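Just below is one structure, and these are the notes that go with it.
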Amino acid sequence: MTGEPIKESEIASAAELLHRGLIPWRDVRRPDSLLRRIRPGDYVDADRWADLHPIERHRALIFATLQRMREPLPMLSHVSAAAAWGMPIIGAWPQRVEVLMDSAAAGSSALIRRHRVRNVPEPVMFGRIPVTSAARTVIDLARTCDLATAFAAGDWALRSGLCTSDELADEALAIPRRGYGRKAALTVHLLADPRAESPGESLSRARMYEGGFPQPELQVDLIDSAGTFGRGDFGWKGLIGEFDGERKYRATGDAGDVVSETIVIKEKKREDRVRRTGKDVARWCWTDALYRRGLYEVLTAAGLTRSGNREWRPYRQ
């Protein structure tokens, strides 16, 4: 998947396809169909769909859904707002479009998840589509998704300059004291950190926090007598942690074997150099972090103790 952005103009309604002489609901049943159904009544080129990154597939669902709605359009929120902003999430993108509406608004739909609020915030406009602000989107995710998704979105938003820590604080503190998800929102506003360079690093940090491990330093300079030779993803006293999200060594075929072997050697030399400074190295992959147990075993084996007190220091810009 290339992730090339989907355009609203690429989505064709059943009426348009019928006008071209196609019967889309029949065509999509064929193994060699040139169409892919996004939602009932809306289609996209099958090859184009196969080429889309998952976030772009959700954007295609957004476009197809909003094309069928009257103006003024509802405000995209939560995961759908994250898709509009380009924020990463952890896990699969949903098959429903999420919108924010006034608590008095009526209506429901199997393809739209409506979040009703007393005060609808001022939107940010993406063309003709209203979207919750980046800070509001992160805090909404913190209230309704798991911590890993909120960290991934919050870290990315800060790193990309879409919002500031102060703006996250304003949104989190605006939640009533007994409001749903307020504790999670406050945690995310305090701990979201632009130094995390990938969703996998954000996921790992969320799992560390949930597991009661000591707070790591991020992007730790690796230094020996010859100078700086890189950065470690995570650092504790005497330990460097590395998230290996790609599992770079899985390439197949003759050329792939050469490339992967080169990477293995390079990483081994780097790791040996770290160890010669007197520090140990702990390494884990996406699956280890996603399902917790593998990551927890790696960190425990490396000597970290789970205390259960999550008194992590807030990130300061």
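Just a few scattered comments:
- Identity of the residue in the range 291-307, free of Cβ contacts under 8 Å to residues at least 60 places away in the same chain and either in contact with a His (Cβ under 8 Å, 6 or more places away or on another chain) or β-branched (V, I, T) (or both), that ends up farthest from T149 (Cα to Cα): T300
- On inspection, V99 does not qualify as part of a loop (DSSP other than H, G, I, E, B) and either at pLDDT 95 or above or of a type in the set (V, I, T) (or both).
- Matching residues, the range 100-145, being more than 26 Å from K7 (Cα to Cα) and hydrophobic (A, V, I, L, M, F, W, C): A104, A105, A106, V117, V120, I139, A142, C145
- Flag if I139 is under 19 Å from Y209 (Cα atoms), surrounded by 17 or more Cβ atoms within 10 Å (Cβ to Cβ) and modelled with pLDDT of 95 or more: yes
- Filter pass, A104 being hydrophobic (A, V, I, L, M, F, W, C), in a loop (DSSP other than H, G, I, E, B), over 16 Å from the mean Cα position of the chain (by Cα) and not assigned by TED's automatic domain parsing to the domain that holds A289: yes
- Among the residues of the range 8-39, the one identified as touching a residue at least 40 places away in the same chain (Cβ under 8 Å) and part of a loop (DSSP other than H, G, I, E, B) is I11.
- Condition met for E311 (under 30 Å from L190 (Cα atoms), at pLDDT 80 or above, of a type in the set (D, E) and part of a loop (DSSP other than H, G, I, E, B)): yes
- Of the residues making up the range 175-209, those that are among the small types (G, A, S) and touching a Lys or Arg at 6+ places or on another chain (Cβ under 9 Å) are G179, G181, A184, A185, A196.
- In the range 109-132, residue surrounded by the fewest Cβ atoms within 10 Å (Cβ to Cβ) [restricted to those that are of a type in the set (V, I, T) and outside any loop (DSSP other than H, G, I, E, B)]: V117
- Pick from the range 71-108, criterion out of contact with any Asp or Glu (no Cβ under 8 Å at 6 or more places or on another chain) and hydroxyl-bearing (S, T, Y), ranking: surrounded by the most Cβ atoms within 10 Å (Cβ to Cβ): S103
- Taking residues in the range 261-286 that are assigned to a helix (DSSP H, G or I), and partners anywhere that are at pLDDT 75 or above and not hydrophobic (A, V, I, L, M, F, W, C), the pairs with Cβ atoms closer than 7 Å and at least 6 places apart or on different chains are R270/G230; R273/D224; R276/D224; W286/G200.
- Check on S198, surrounded by 24 or more Cβ atoms within 10 Å (Cβ to Cβ) and of a type in the set (S, T, Y): no
- Test for Y296: is it of a type outside the set (D, E), crowded, with 17+ Cβ neighbours inside 10 Å and modelled with pLDDT under 95: no
The values are calculated or read from the model by the stated rules, or taken from the named source; none is laboratory data. Fair warning: this is a prediction, and the values are worked out from it, not measured in the lab. So basically every Cβ, Gly included, is an ideal-geometry build from the backbone, and we count neighbours across all protein chains shown.
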